[in-house]
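Have a look at the structure below before the remarks.
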Amino acid sequence: MPTVILLDVSLSMSRSVDVSTPSQNEEVERLELRKDLAAHGCHSLLDHFAQHCKLEFACLISFSSVCKILMPFTRDFESIKNALNLVEEGDKTSIDVGLVGAAQHILEEWGNGTPCQIVLVTDGNAGIGQHAMQKSLMSPHSRGAAQFPLPFPFPAKLNIVCIANPSEPGFQTSKPLYQRLIELNGEGDILIPEGGLSKKSVSELFDQLIKNNFSSYSGTLHCGNLSAPITLSPPPQPYCRHHDFEVIRVSVDSAIQVLGFLNTGDVSSPPAFSRHLVLPLSTKGDMVMLPKADGGSDDESGNDEGKIPSFCVLLHGGLKRENTVALCQVGDNWYGILYSWADNKKKSNLMLSIFVPGNDVIPWMGKLSNLGPASLLPTNPYGPNESSTPFPLKIQEEKSYALNCVVWVRQGGLQSDIQKILRHARKLPDKTQSFYKELNRVRRAALSYGFGELLEGLASVLERECTLLPSSSHPVAAIQLQHAYEALRNHDKTYSDYSGSEISEVSSDYSDENIGTTSSEGVYVFEELEEEEYQGLMVVGPYMLEPDAGDVVEVVPNQPDMEWRRDPKRLNEW
Amino acid sequence: MALGPAKNIGGNKLDLIKGIKAAIEALTKPSAVQHEKRTSLTENATKVLNKGRIILVTKLDSEEEIKNIKEKFHGTLLYMNKNAAATDNLMAINHCDLVILNLWPEGPPCPMPIKSWPDVSTIVSCEFTNIQCGTALAPKLCNLVLKHYDLASTTVTGIPMKEEQNASSSANYDVELFHPAAAHAAILKGIPSETAHLKTYREGTDYETVTLKWCTPRSNASMELQHCSSAYRITSVDVNSRPSSCLTNFLLNGRWVMLEMPRKSGSKVISHMLACHGGDIYIHTMYTSRSILEDPPSISEGCGGRVTDYRIPDFGELIKANKLAPFPAPTAESEESLTPLERSKEQLNRHTKYWPITLSSTSLFNLGPQIEPLAALMLEDNLTEDEVVECKQVILYLMNMEARGDPLPSPMAGQRGKGMKREDQYRAVWAELEQYLQLHLHTPAHEKVLECLMECHNKAATPEYKGDEKVDIDQALKELDDCNYVADRDKAEFGSGGGGKHATGDLSLPDSKRRRTVPPPLAPMGRSSGMNLLTLWENKVSSEESRRCLEFQGRLKSEDNVTKLYVNLQKDKDKDEVPRKK
């Protein structure tokens, strides 16, 4: 997790440690200003990063009445230490300025999805204006919410480290404000040294902070009887969310159990709650980072670790080779996948994506607990040579976008349906089948909506179309069009029982060699309509837009179906 | 539920209370999930809340009427709650949102403004909306759906489409989609000014739509794992419009499309992905910001990274053998207590009982195809007779190899000098094989394979046989027969096949040993006590090999290496003399 060290550099940080006992051992603790103690503590935190969490990012932001980014997010902890030594004193403590600055920087760098840690190091005195701020924070509705960054727009832990004596009056006054800040953020703590202020107590304080918030994950990866000690980077966060009937709070187990394997293509980029690098630990439990290039120094201690086989490397190799992922269990009813992942082409590593807790979290894979060894099924769904796959699971109901249903919610829907009929009409007799299919589809919908005017309108359009037929057109086209518009007009007479009748192609004994070629396409079969289809349909006639003849006739000539562009330049990419 | 037309209560007014009452009553009935949770006897059972929304579609003429309805609604709700609380099967309503849709005819606009009362009381909130009848009705209802179901709109812009006939020219189209609002959280939550430019109002709507740009899809995108934080189902707003159906068909055919979000600074970033899984189209949210996993170390830089002889191809086979597939849903009283996933875990356990991860730590698995049938079959739940035989054949084959002195394939060759001596290599293989078989004693059939190994190979080492180190030739022969039991499938055949001298009265032999027809006599063999099964075996093999070429008839009939020629000549002449000469 990226960490912001938010350092108070107000003038009050330059107070000496304890005003009451100033001079007894002045030589020894001459240096002990609060800011020095703060720097000392931050150093120990950074040392911890350098040793145990090499892949973490940290940044240093100072604030007083203004906020300064002294060191943007980096893994180079030494440079942060150097920046700490160059901190300049400011004026007053404005916590809100600091929090706004930290939030801004995190949003710019990591967006709103990355969990972050914010360590606010201050002197236990919230400074001028704290009462007004506290008051506004207490009332839930009326605080200056637009500006105030809490709760942070990203998941964050806010720890307030006070370099102060617990008994100081300043701390006592400010404590409720700190508490309110933490309450607003939801997660975090106030830390204050036990006993007097000294290097030792501050060190202990930061040790406590590290222990509670920055301990690295250490667990075991199991695959049947094979296993390897691992750490996860960044450390997995507990999942805490309000569901419909309960509040779920779960943490990742120390044992991660591989349950089986799936094709990478089959899991289809499932949404993940978090992602972690899986790094094998040495037998001593340390994370080993070998020097990147293979230099001449073969007999370094790190290289010994590199030569002890680790199951992680085998698993990674196997998954990469087979282009598969390993489904694993990370907690009670909580799953994830392990796979080989490469940031760039050269360096691939083992990655763990953790799903949201639950059994049914990836819709196209069904219930995860219902996945079992394919080899135990009567017929292996993967086929003899891995040519087929049982995924994705097919959905039961068809979606409206997958059905060719009639939607006339907006004008455009109706217009395009009419236009489609006209397009086919102009290509008669080649498109006879499609023409009648579309015609019947619109007619059916119009009848079931009680939208008789549409039929009349459509009939006029077709009649007009018939008269406008160019002389070069096939004689059958006119016959079919005439048949169609007459049939549409007669709907209330001859076709009063609409349920059983569709307009069907007029049979023509017109003998011409062209007809022979077109009718050789086969016998036209028209959908038979079941009466049940109309039941349950809502009649919306009175509210339906009155079909304006002009509207309907206004057709862009010859606009056939669209197809995807195949730009020759892009052909290779498709 | 249909109530029929409302009762006219005079003054062209209708009685709406009956409908309101029916609606509230329906809300007090717990849903299936609510019922299950409420009766679950867990600590959360009492905390199940009942909230709902009632949409009243009507026509009201004055503010007075609205006020009236609100009051009556509240009163009815309180009354019904009291009733519901007194029963077991109904749930009191904790909060109800009343939405009044006032349908106003086309013409002059409605005098009453759109208004909302967030807290009519602690349990009722109310909202009043005017809808002009006609074309505005559908979009307006759409807006309400968006609000009530927490949906949001995305417009995919710049989709290049071409006409079927006019393939050379293409135009760009926009398609609007609806999906849960959470799909936008990743890009909209945060600094508002950064994302303000993404949001626009579409003509005739009163909700914002986020405009994202179409990216040319890559064909192999679906084979890679994209990092997504969420995936939600979508629908196009105009399902039937030409651009919409064009896009949805494209997606339904399995193509994945990336969507690009323009940044305020002018740069662009891929923020979403449209993909179809099993007939449902989803919008995936991608990570747009810097990754905390950037510049990760390579796996070769960590522990075990410098080891080069991992059995990765073998692990690939293990992966293939342990692929997961959806199982048919368990029947109500499933006889198996394990879920399919647990069974897969069991299977993995079994498959990895003995699994050296590097080539240098195993001799057995270096043997390659020779050992494969045995290694694979022993993992099975059950072994058939045939499979047991197949396993035994592998063992015999190994013995054969050893007898012939074939060199073993060794990964160590060339690494550290000459590696082990051949006998040591075989010893290692046998030891590993024994360990492997010991770990896979799932059924008696599996045990038979182990027994075979014990008998064939290191019989002396097994305590069972310690008593009779001096092998009787007869006994040895029988055991050899057992080893050589290859072709016979059926115990019952024994006897009928001409059991010979060994077939009778061998009651002292263990049951597991099965006999076969007697082999042809072996070459003469001493009864030396030092003879072990191996030498017996070798002798037998050599004798069998020698028997493969037919013995010269003359030599067989010879007496003191002299064979009389043309014996038949004499036979014909003098039949009596022949037997005398013999």
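Summary of values
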| item | result |
| --- | --- |
| Neighbours by Cβ (under 7 Å, 6+ apart or cross-chain): first from region A:210-227, outside any helix (DSSP H, G or I); second at pLDDT below 85 and open to solvent by 50 Å² or more (accessible area, probe 1.4 Å) | A:216/A:52 |
| Filter result (touching a residue at least 40 places away in the same chain (Cβ under 8 Å), closer than 22 Å to residue A:9 by Cα and open to solvent by 40 Å² or more (accessible area, probe 1.4 Å)) within region A:151-174 | A:157, A:173 |
| Qualifying residue in region B:287-300 (condition: assigned by TED's automatic domain parsing to the domain that holds residue B:425, at positive phi and open to solvent by 10 Å² or more (accessible area, probe 1.4 Å)) | no |
| Count of residues meeting criterion [of a type in the set (Gly, Ala, Ser) and surrounded by 15 or more Cβ atoms within 10 Å (Cβ to Cβ)] in region A:191-212 | 3 |
| Qualifying positions in region A:228-255 - part of a loop (DSSP other than H, G, I, E, B), surrounded by fewer than 15 Cβ atoms within 10 Å (Cβ to Cβ) and at the interface with chain B (Cβ under 10 Å from one of its Cβ atoms) | A:244, A:246 |
| Residues that are of a type in the set (Asp, Glu) and out of contact with any Lys or Arg (no Cβ under 8 Å at 6 or more places or on another chain), drawn from region A:181-215 | A:183, A:189, A:194, A:204, A:207 |
| Within region A:86-129, tally of residues that are of a type in the set (A, V, I, L, M) and over 27 Å from residue A:15 (Cα atoms) | 3 |
| Region A:362-401 - residue that is touching a strand residue (DSSP E or B) at 6+ places or on another chain (Cβ under 9 Å) and of a type in the set (Lys, Arg) and, of those, nearest to residue B:283 (Cα to Cα) | A:399 |
| Hey, residue A:393 under 30 Å from residue A:328 (Cα atoms) and at pLDDT below 85 or not | yes |
| Every pair of residues 6+ apart whose Cβ atoms lie under 6 Å, when the first sits in region B:239-259 and is of a type in the set (Lys, Arg) while the second is open to solvent by less than 10 Å² (accessible area, probe 1.4 Å) | B:255/B:217 |
| Matching residues, region A:394-422, being more than 10 Å from chain B (Cβ to nearest Cβ) and in a loop (DSSP other than H, G, I, E, B) | none |
| Members of region A:292-329 that are outside any helix (DSSP H, G or I) and either facing chain B (nearest Cβ under 8 Å) or at pLDDT 90 or above (or both) | A:292, A:308, A:309, A:310, A:323, A:324, A:325, A:326, A:327, A:328, A:329 |
| Residue in region B:85-96 that is away from chain A (no Cβ under 14 Å), of a type outside the set (Lys, Arg) and under 30 Å from residue A:409 (Cα atoms) present | yes |
| Residue within region B:173-181 that is open to solvent by 30 Å² or more (accessible area, probe 1.4 Å) and closer than 28 Å to residue B:62 by Cα present | no |
| Residue count for region B:122-144, restricted to those that are more than 29 Å from residue B:238 (Cβ to Cβ) and touching a helix residue (DSSP H, G or I) at 6+ places or on another chain (Cβ under 6 Å) | 2 |
| Answer residue from region A:332-361, given it is at the interface with another protein chain (Cβ under 8 Å from one of its Cβ atoms) and either under 17 Å from residue A:241 (Cβ atoms) or surrounded by fewer than 19 Cβ atoms within 10 Å (Cβ to Cβ) (or both) and is farthest from the chain's Cα centre (by Cα) among those | A:346 |
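Yes/no matrix, rows are residues, columns are (1) among the hydroxyl-bearing types (Ser, Thr, Tyr); (2) outside the structural domain of residue A:158 (by TED's automatic domain parsing); (3) within 29 Å of the chain's Cα centre (by Cα); (4) surrounded by fewer than 21 Cβ atoms within 10 Å (Cβ to Cβ):
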residue	(1), (2), (3), (4)
A:78	no, no, no, yes
A:83	no, no, no, yes
A:97	no, no, no, yes
A:103	no, no, yes, no
A:108	no, no, yes, yes
A:120	no, no, no, no
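For (1) under 15 Å from residue A:202 (Cβ atoms); (2) assigned by TED's automatic domain parsing to the domain that holds residue A:105; (3) modelled with pLDDT of 85 or more, each residue gets a yes or a no:
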position	(1), (2), (3)
A:151	no, yes, no
A:156	no, yes, yes
A:161	yes, yes, yes
A:165	yes, yes, no
A:171	yes, yes, no
A:177	no, yes, no
A:186	no, yes, no
A:189	no, yes, yes
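One line per residue, one yes/no per condition, for (1) open to solvent by less than 30 Å² (accessible area, probe 1.4 Å); (2) in contact (Cβ under 8 Å) with a residue 24 or more places away in the chain; (3) not assigned by TED's automatic domain parsing to the domain that holds residue B:408:
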residue	(1), (2), (3)
B:302	yes, no, yes
B:305	yes, no, yes
B:325	yes, no, yes
B:353	no, yes, no
B:356	yes, yes, no
B:359	no, yes, no
B:381	no, yes, no
B:387	no, yes, no
B:392	yes, yes, no
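Results for (1) open to solvent by less than 50 Å² (accessible area, probe 1.4 Å); (2) over 29 Å from residue A:337 (Cβ atoms); (3) facing chain A (nearest Cβ under 9 Å); (4) hydrophobic (A, V, I, L, M, F, W, C), shown as yes or no for each residue.
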position	(1), (2), (3), (4)
B:201	no, yes, no, no
B:223	no, no, yes, yes
B:239	yes, yes, yes, yes
B:248	yes, no, yes, no
B:254	yes, no, no, no
B:257	yes, no, no, yes
B:264	no, yes, no, no
B:267	no, yes, no, no
B:273	yes, no, yes, yes
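The values are calculated or read from the model by the stated rules, or taken from the named source; none is laboratory data. Keep in mind that what you see is a predicted model, and the values were worked out from it rather than measured. Here the Cβ is made from the backbone with ideal geometry for all residues, glycine too, and neighbour counts use every protein chain on show. The accessibility values were calculated without ligands, DNA or RNA, using every heavy atom of the protein model including side chains. Shrake-Rupley method; radii C 1.70, N 1.55, O 1.52, S 1.80 Å.
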